[in-house]
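Before any comments, here is the structure.
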Amino acid sequence: MGSNVAANVQRIREARRLSTRQLSTRLAEVGRPIPASGITRIEQGMRRVDVDDLAALAKTLDVQVAQLLLSPSDLSIEIRIGSGGEGR
């Protein structure tokens, strides 16, 4: 499950054209600060994600929690750039 979250966070973050620093700033704005280095560690599978992290990541990336949990090969995530990308 952790590897699914790692891959999905990275894939969605990149599709949203967000740097780890930008995602970190947005997470802090929703009350769940994770430094950019922490996001990199999540994406590399070196940092565990707790339930609060998972909820904040989903909210910040504008996806459902399930979209972060499912296998990337089993899930086709439609990423709406306008609702979660640069303009947000």
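Values quoted throughout were computed directly from the atomic coordinates according to the rules given, and no laboratory measurement underlies them. Remember, it's a predicted structure, so these values are computed and weren't measured experimentally.
Things to note:
- Its alpha carbons considered, segment 1-64 gives a radius of gyration followed by a Dmax of 10.1, 26 Å.
- Residue separation of LEU69 and ARG41 scaled by 0.36 nm, minus their Cα-Cα distance, works out to 8.4 nm of gained length.
- Segment 3-13 - phi-based ³J(HN,Hα) in whole Hz, Karplus 6.51/-1.76/1.60, Gly and Pro as x: 5, 5, 4, 4, 5, 5, 4, 5, 4, 6, 4
- Residues whose amide H lies under 5 Å from that of ARG47, counting only those 5 or more places away or on a different chain, are ILE42; hydrogens are built 1.01 Å from N in the peptide plane.
- In order through segment 35-45: 3J(HN,Hα) via Karplus (6.51 cos²θ - 1.76 cosθ + 1.60), integer Hz, x for Gly, Pro: x, 4, 5, x, 5, 4, 5, 4, 5, 8, x
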